[in-house]
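Participant: Structure incoming, see below.
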Amino acid sequence: MAEASDNSIRVDGIQLAYMAQVRARRIMNLILIVLFAALMFSGFATADARNAGGFWDGLGNVLDFPADVFGEAMERAHLLPGYLLKYLPSLLETVNIAGAATLLGAVMGLLLSLLATRGLAPFPWLITPVRRLLDILRAVPEIVIALVLIFLLGGGPVPAMIAIALHTTGALGKLLSEVNENASLKPVEGLESVGANWSQRMALGVLPQVAPNHLSYVLLRFEINIRASAILGFVGAGGIGYDLRNTMSWGQGKFDEAAAIFVLLFLTIVVVDQCSSALRNRLTHGTSPSKVTS
Amino acid sequence: MTAATIQHQATGLIRRKRFTAFALPAVILAYLAYTFISFDVLGLAERASLKNAATLVTDLYSYKTHVSRDNRSGEIEIAIEGERKGRYPAGTGPDWVALGDAETVIDLGGGHVVRFGAQVTYDIPGYGRVVTEPGRSGVNAQLPEGAVPEWINASRNRLSITTDAGRLTVTRNRAEVFRYFTGWELFFFTLDSPYHGESFGTLVGRAMSGEAGAIATEFWTNKMWRHGDVAWAIFETMLMAFLGTFGAALIALPLGFAAARNFAPLGGLRFVVRRVFDFLRGVDGLIWTIVLSRAFGPGPMTGALAILLTDTGTFGKIFSEALENVDDKQIEGVASTGARPIQRYRFGVLPQITPVLLSQVLYFLESNTRSATIIGAITGGGIGLLLTQAIITQKDWEEVAYYIVLITFMVMLMDWVSGWLRRRLIKGDESGI
């Protein structure tokens, strides 16, 4: 009898302690949520106060511009196919900027990622400097490099390509080196034992293991770079972004062409996203038909 | 299967692999060659401006002080970088300029001396004295005997001499000397500040004796570098990223439920919500920025909303995929204790998806800091605006460098903060929220 009450006292104690713990955690969560809400509200208030036009004043006008563009495009709908054709070369340039930059960035990123992976790097003392270099390349927004290069090299696709390639190097370098870390070292050791040099060990021992994941990251980067390439065009680096700014800044009467560019850009992004995500799914999850033979 | 067929298969396989091993790099190279031709990389040599590159590099680590005289009125003006903000008050100047009524002597160092008097003279060590007498008939330059060196450019109405010590330009109306110094000019205090030119020790001493506030204000309101404005711009950019990312997450969470197969019974609604996500993502931040800036004008709110719209699409997709992958067993377990639907979501679903969602949202926080810089450059807001403004002047490259360094640090800081939060919030607490 005494023992049972003893037990129930112990259980009560445990329950009390548990409830106290739960309560403390709930209070902590509540404080965090209140703090977060306060930050969001004051943040929006600050941003609203520092904006040229207020949020509530502007809210009614949000649809004005799309309505203008849409209206003008409808009015001259018969010209739209012509415009789509007219801006196709610019679109191709935008896609090419992204493509070339992704390729160059992927090649440099792959090389730097191998130099930055423990166990694979040929010079271990280089690992830290290379990682910091990748951090810096990743941190600098493309637009910064592009604007400086436009001053040096003049407008056109090359500054945008270099800027995006550098950023891609930083971003891919980090991701690829994380993939490399998971690669099994056994093939590398095997190749080393038969006298393969570093580049042979990497090409034959590591790359076949990591290639699907690498490719999937490169494809993802290509999606991102198409958007970046359009944006850089807007600040003067060729491609469809440049045309978009011209049609917009010449004001009246050009919105139908802007609409055509919007359509082209939207379709490109959607198509590339869909294709690349299908490909990536196949690379990382699905069994591709080539898997049996390779 | 005989050994012969296996061998045949194997050689075929190896041949195919060898073919791809060479074909893939060849395709890549061909594509790169095509883009290089279509981008006219070879023509770049003509378009590239070495002069601009030289200006940029020298401006990065040095600045120049202009000493100029109006030849008609004899008025002397001394200004750092020739800017109004860096102008010395009339009648004062740095110690290497001796202002006088009849003659102003400018010592460029290393024996190079320029005198602004009735005549403008420049003593160049190892070459001699160049004398000019600017007036109605031209600049009347008299150079020492011998061939004119290439660093002197003399014509009837204009003389310019560029040496290592500085640069002198004389026209009929104006005589101007540049002297170059290493470093970033007036970074801490401008010339009109009482603290300009004080040593660090003196400043600390004066700060101790109660002037700390005044010193901080002088630094903060520095007219040349505008530290206060720059800090605000950085803050605005981070604010855009914060509001955009978390605002999008808050909106995308309920929409994500509506787009997840296992939570939304209505197929039609699911289809609509998913197409909304695709549309938001496909339209892209650039177009959202343009549309929104027409309605709200430039500023951080516009940037935050542009990020919010784009990322609502992205998060919606990620969230709904995460929701489709939740384990039903936990929800059933919670339901078996008699939990109401709200409680089932709170204790059965949320703890499963919070780690995934939080880590995604925090990853985006860092990348959105970069997007916010870019959007700021397009619409005009935050550090992106300051950067484009500095680049457009084409001469304030030290400011450009300063902003680039600040942007890099800002992004790295956000990266670090989001990594820290990720570790704290996801590993530190198993309960999920």
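The values are calculated or read from the model by the stated rules, or taken from the named source; none is laboratory data. Please read these numbers as outputs of a predicted model, since none were measured by experiment. Virtual Cβ from ideal backbone geometry, glycine too; neighbours counted across all protein chains shown. Heavy atoms of the whole protein, side chains included, go into the accessibility calculation; ligands, DNA and RNA do not. Shrake-Rupley method; radii C 1.70, N 1.55, O 1.52, S 1.80 Å.
Participant: Can you check what the Kirkwood hydrodynamic radius comes to for segment A:1-133, Cα pairs only, in Å to one decimal?
Facilitator: 23.9
Participant: Between A:244, A:79, A:176, find the one with the highest GNM mean-square fluctuation for chain A; connect C-alpha pairs within less than 10 Å.
Facilitator: A:79
Participant: Carbon and sulfur: what percent of the protein assembly as shown's accessible surface (1.4 Å probe)?
Facilitator: Ligands and nucleic acids excluded, carbon and sulfur give 63 percent.
Participant: Which value at 222 nm does chain A reach when only helices count, each DSSP H run of 4 or more adding -39,500 (n - 2.57), with the total divided by all residues and rounded to the nearest 500 deg cm²/dmol?
Facilitator: Mean residue ellipticity, 222 nm, calculated: -26500 deg cm²/dmol.
Participant: Please compute, for peptide B:279-290, the average count of beta-carbon atoms on other protein chains lying within 10 Å of each residue's beta-carbon.
Facilitator: 6
Participant: Another one. Given the options B:10, A:62, A:258, identify the residue whose Cα lies farthest towards the positive end of the charge dipole of the protein assembly as shown (+1 on Cβ of Lys, Arg; -1 on Cβ of Asp, Glu).
Facilitator: Going by the Cα projections, it comes out as B:10.
Participant: Would you mind estimating how fast segment B:1-48 diffuses translationally, via Stokes-Einstein at 25 °C and 0.890 mPa s with the Kirkwood radius over Cα pairs, in µm²/s?
Facilitator: 178
Participant: Roughly how many Å² of residue B:220 are accessible to a 1.4 Å probe, to the nearest 10?
Facilitator: In the full protein context, residue B:220 sits at about 130 Å².
Participant: Here's another thing I want to ask about it. Using a 10 angstrom cutoff on alpha carbons, build the Gaussian network for chain A and name the most mobile of A:224, A:27, A:136.
Facilitator: Of the options given, A:27 has the highest mean-square fluctuation.
Participant: Also, I was wondering about something else. Find the sum over both chains of the accessible area lost when B and A are paired, probe 1.4 Å, and report it in Å² to the nearest 100.
Facilitator: Protein heavy atoms only, the B-A interface buries about 6000 Å².
Participant: On to the next question. What helices does chain A have that are whole DSSP H segments, at least 27 Å long along their own axis by Cα, and with mean Kyte-Doolittle hydropathy of -0.5 or more?
Facilitator: Counting only whole DSSP H runs, the qualifying helices are A:2-50, A:88-115, A:157-181, A:207-234, A:255-284.
Participant: Kindly report, to the nearest 10 Å², the accessible surface of residue B:223 as traced by a 1.4 Å probe over protein heavy atoms only.
Facilitator: 100
Participant: Please report the accessible area of residue B:59 (heavy atoms, 1.4 Å probe, ligands and nucleic acids excluded) in Å², nearest 10.
Facilitator: The accessible area comes out at roughly 20 Å².
Participant: Which ³J(HN,Hα) values, rounded to whole Hz and listed in residue order, are derived for segment A:116-124 from phi using the Karplus coefficients 6.51, -1.76 and 1.60 in 6.51 cos²θ - 1.76 cosθ + 1.60 with θ = phi - 60°, glycine and proline given as x?
Facilitator: Working through the residues one at a time gives 9, 9, 5, x, 10, 5, x, 10, x Hz.
Participant: Bin width 10 Å, origin at 0, all Cα-Cα pairs of chain B: what percent of pairs per bin?
Facilitator: Calculated P(r), rounded to whole percents: 4, 14, 16, 17, 15, 13, 9, 6, 4, 2, 0.
Participant: Return the calculated 222 nm mean residue ellipticity for chain B, to the nearest 500 deg cm²/dmol, obtained by summing -39500 (n - 2.57) across DSSP H runs with n ≥ 4 and dividing by the residue count.
Facilitator: That comes out to -18000 deg cm²/dmol.
Participant: Residue B:17: which lysines have alpha carbons under 19 Å from its alpha carbon, excluding same-chain residues fewer than 8 sequence positions away?
Facilitator: Within the straight-line cut-off, residue B:17 pairs with A:291.
Participant: Next question, about the same structure. When only the heavy atoms of the protein chains count and the probe is 1.4 Å, how do B:345, B:127, B:402, B:363 rank by accessible area, highest first?
Facilitator: Descending order: B:363, B:345, B:127, B:402.
Participant: Still on this structure: Could you rank B:321, B:236 by how accessible they are, 1.4 Å probe, largest area first?
Facilitator: Most to least solvent-accessible, the answer reads B:321, B:236.
Participant: Computed over the Cα atoms, what is the radius of gyration of segment A:2-44 divided by 2.2 N^0.38 Å, N being its residue count?
Facilitator: Taking the Cα Rg and dividing by 2.2 N^0.38 Å, one obtains 2.01.
Participant: Could you state the accessible area per residue of segment B:63-182 in Å², with a 1.4 Å probe and every protein chain left in place?
Facilitator: 54
Participant: Follow-up question, since we're still on this one. I'm a student and want to see the number: the projected area of the Cα convex hull of segment A:194-284, averaged over all directions, in nm².
Facilitator: Mean orientational projected area (segment A:194-284, Cα hull): 7.7 nm².
Participant: In addition: What order do A:112, A:85 take when sorted by accessible area (1.4 Å probe), most exposed first?
Facilitator: A:85, A:112
Participant: Could you check how many percent of all C-alpha pairs in chain A are farther apart than 33 Å?
Facilitator: When every Cα pair of chain A is considered, 51 percent fall beyond 33 Å.
Participant: Something else now. For chain A, give the magnitude of the charge dipole about the Cα centre (Cβ charges: +1 Lys/Arg, -1 Asp/Glu; no others), in debye to the nearest 20.
Facilitator: I would put it at about 800 debye.
Participant: For chain B, list the DSSP H helices whose alpha carbon atoms reach 24 Å or more along the long axis and whose average Kyte-Doolittle value is 0.5 or above?
Facilitator: Helices meeting the span and hydropathy rule in chain B are B:3-38, B:227-259, B:267-296, B:300-324, B:350-375, B:397-422.
Participant: Then there's this: At 1.306 mPa s and 10 °C, plugging the Kirkwood radius over alpha-carbon pairs of the protein assembly as shown into Stokes-Einstein gives what diffusion coefficient in µm²/s?
Facilitator: 52
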